[in-house]
Amino acid sequence: VWFAPLIGTALVPASHLERNTPMSSSDRLLLRSPDTCLAATPHLLGFTPTDSVVVLALSQDTSGAKKLLVTQRFDRPSTAGLDAEASAGIASECARVMADAGADTVIVAVWGTEQPADRADLPDAGFVDDLVAALDDRDIATLDVLFTDGDRRWSYGCDNAACCDPAGVVIPEATKTL
């Protein structure tokens, strides 16, 4: 089981899904898999990210469920032309924002257009390592780091072919539309 319950028990209102509008603080969404997390991201942001890193800051509430605190999006360091030092600075700043928000856990999604041949070819892997280390330095757990092209997903941290096919896991059409 990946994670459940994560953010709540009600679904996002249909009006948000039809217009791809941002969610408000009173909206609740139950995410139970990496696929539903990726499908929810455009609704959390109000647009579908491209060449982006999206970080979802989570914190356990009194019921034991994880609740979403903040969603942060920024350009992928590789597509922004940043060097390793600037990339590490972004990772550190992102971790600071997550800590300031009160996150105890994050989910990271890297969005791109390329289709890696396998996990070893995932883009921005050096940045992902820097980000996970910066989060760890602030005692923030990383639930998963995913890469998606919108049709498939790969996990930066899982090399088990039974759950994370090296060619990418196809995101079901029914899930993509949330």
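Where a number appears in this text, it was derived from the coordinates with a stated rule and is not lab data. Given the structure is predicted, the values throughout are model-derived calculations rather than measurements. Ideal geometry is used to build each Cβ from the backbone, glycine not excepted, and the neighbour counts take in all protein chains shown.
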Worksheet item: So for the pair Leu82, Cys158, with labels modelled 7 Å out along Cα→Cβ, what separation do we get in nm?
Response: 2.7
Item to complete: Would you mind checking which residues have amide H under 5 Å from Lys67's amide H? H placed 1.01 Å from N; only 5 or more apart, or other chain.
Response: Ser59, Gln60, Asp61
Worksheet item: Using modelled backbone amide H atoms (1.01 Å from N, in-plane), which distant-in-sequence or interchain residues come within less than 5 Å of Ile171's amide H?
Response: Arg152, Arg153
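If you stretched the chain out fully between Asp118 and Glu93, how much longer would it get, using 0.36 nm times the residue separation minus the C-alpha to C-alpha distance?
So the chain would gain 6.1 nm between Asp118 and Glu93.
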Worksheet item: With charges only on Cβ, +1 for K and R and -1 for D and E, what is the dipole size of the stretch 132-176 about its Cα centre, in debye, rounded to 20?
Response: 140
Item to complete: Would you mind telling me the antiparallel percentage of the DSSP bridges in the stretch 30-176, rounded to 5?
Response: 75
Item to complete: Could you calculate the FRET efficiency of Asp165 with Asp129 from 1/(1 + (r/R0)^6), where r is the beta carbon distance between them and R0 is 30 Å, rounded to 0.05?
Response: 0.85
Fill in: Length added when fully stretched, Arg32-Asp75, from 0.36 nm per residue minus Cα-Cα
12.8 nm
Discussion item. Once you order the gyration tensor axes a ≥ b ≥ c over the Cα atoms, which shape class does the stretch 104-178 get: rounded for a/c under 1.5, otherwise prolate or oblate by comparing a/b with b/c?
Written reply: prolate
Practice prompt. Note the full-extension length gain between Ala141 and Thr48 as 0.36 nm times their separation in residues minus their Cα-Cα distance, in nm to one decimal.
Written response: 30.9 nm
